[in-house]
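See below for the structure under consideration.
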Amino acid sequence: MKLFVRTLSLIAALTLFGFSAFADSDLDQRVEHGYANSGGVKIHYARLGPKDGRAPLIVMIHGFPDFWYSWRDQMEALSANYQVVAIDQRGYNLSDKPKGVENYDLRLLVGDVAAVVKHLGRDRAIIVGHDWGGIVAWTFAMTLPEMTEKLIILNLPHPKGLTRELAHNPQQQQNSQYARNFQKEDAAQKLTAEGLARWVKDEQAKAKYIEAFKRSDFEAMLNYYKRNYPREPYTEDTSPVVKVKVPVLMIHGLNDTALLAGALNNTWEWLEKDLTLVTIPGAGHFVQQDASDLVTRTIKMWLAR
């Protein structure tokens, strides 16, 4: 199997693809909003790009704490050649917010993405995920290979890599304290919309984030951790490997303190096709915004190869 490793040093080559930034001030007015039904749960999505059925479908899945608008720069740049759909995961913004931790099981989160793909009249899609959206995307590709055309993962190591680091890397164990805090019963009571939006650097975007988080359910957000994140004592996942059957692009901001880069090692052992790994020094966990231009150029180049 081929392993393609790309680093920030390739930025000069990427400029050949000629990406130019778009103003996103009216993006939320230009996208088409819709809802898919996932077992009685309404999943909101924002869509941009051609709808004639010939353009490949890209489905983008955000993480915590975020919503569909996280992908605004990538949506603008990709929508010329792709139908780009960014969802609000259940519990967030305009999607439904079912009560009960059991309603945030990873199996149901994957089903939400499948429901969106089917709602749009497609059999398969290019799946893109960040953070919790990355876990959903990995699991989608492993459990629904027939619906997965290609896989793009941002700042979320393969689940086997993450569990290995949690089991054996003291620094990752220490840095995952936030997740253990989120698993506590009263954790949601300590959250505010303003606090959850602290990471957003653009002030205009931050205002939109605060509005979206006020529409969200904090308990639902933390149910992702309570239902799906490993608990102590951490053990490595030694279950049989279900290999991802499609090409994979991984982009990882190396300043991510929540998900350390060591978990990226050996990813190629869990894939059947080629892996392209891009590591970006200076970019943090929200790499699609910290290094928006480079991330967008990389995705465009990789999809067009």
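Taking the fewest neighbouring Cβ atoms within 10 Å as the starting point, the ordered list for Arg72, Arg122, Arg30 is Arg30, Arg122, Arg72.
Across the chain, C-alpha contacts under 8 Å between residues 6 or more apart give a mean separation that, scaled by the residue count, equals a relative contact order of 23 percent.
The mean sequence distance of close C-alpha pairs (under 8 Å, at least 6 residues apart), as a share of the length of the stretch 128-209, puts its relative contact order at 19 percent. Ordered by the number of other Cβ atoms lying within 10 Å of each residue's own Cβ, fewest first, Leu78, Leu191 fall into the sequence Leu191, Leu78. Counting only residues at least eight positions apart within a chain, or on another chain, the lysines with an alpha carbon under 23 Å from that of Lys184 are Lys97, Lys99, Lys214, Lys226. For the stretch 138-207, the square roots a ≥ b ≥ c of the C-alpha gyration tensor eigenvalues yield an a/c of 1.5 or more together with a/b not exceeding b/c, which makes the shape oblate.
GNM on the chain, alpha-carbon springs under 10 angstrom: the most fluctuating residue among Ala137, Ala55, Ala86 is Ala55. Put in line by how crowded their Cβ is, counting other Cβ atoms within 10 Å and starting with the fewest, Trp132, Trp270 read Trp270, Trp132.
With the alpha-carbon atoms of the stretch 77-230 aligned to their principal axes, the span from lowest to highest coordinate is 41, 40, 31 Å, starting with the largest.
Computed per residue of the chain from DSSP H runs no shorter than four, each worth -39500 (n - 2.57), the mean residue ellipticity at 222 nm is -9500 deg cm²/dmol.
When only Cα pairs below 8 angstrom with a gap of at least 6 residues are kept, the stretch 219-305 shows a relative contact order of 30 percent. The distance linking the stretch 189-237 with the stretch 125-148 is 20 Å (Cα centroid to Cα centroid, whole angstrom).
Any read-out appearing in this document is the output of simple, stated calculations on the displayed coordinates, not a laboratory observation. A quick note: this is a predicted structure, and the numbers were derived from the prediction, not measured. Heads up, the Cβs are rebuilt from the backbone with ideal geometry, glycines too, and the neighbour counts pull from every protein chain shown.
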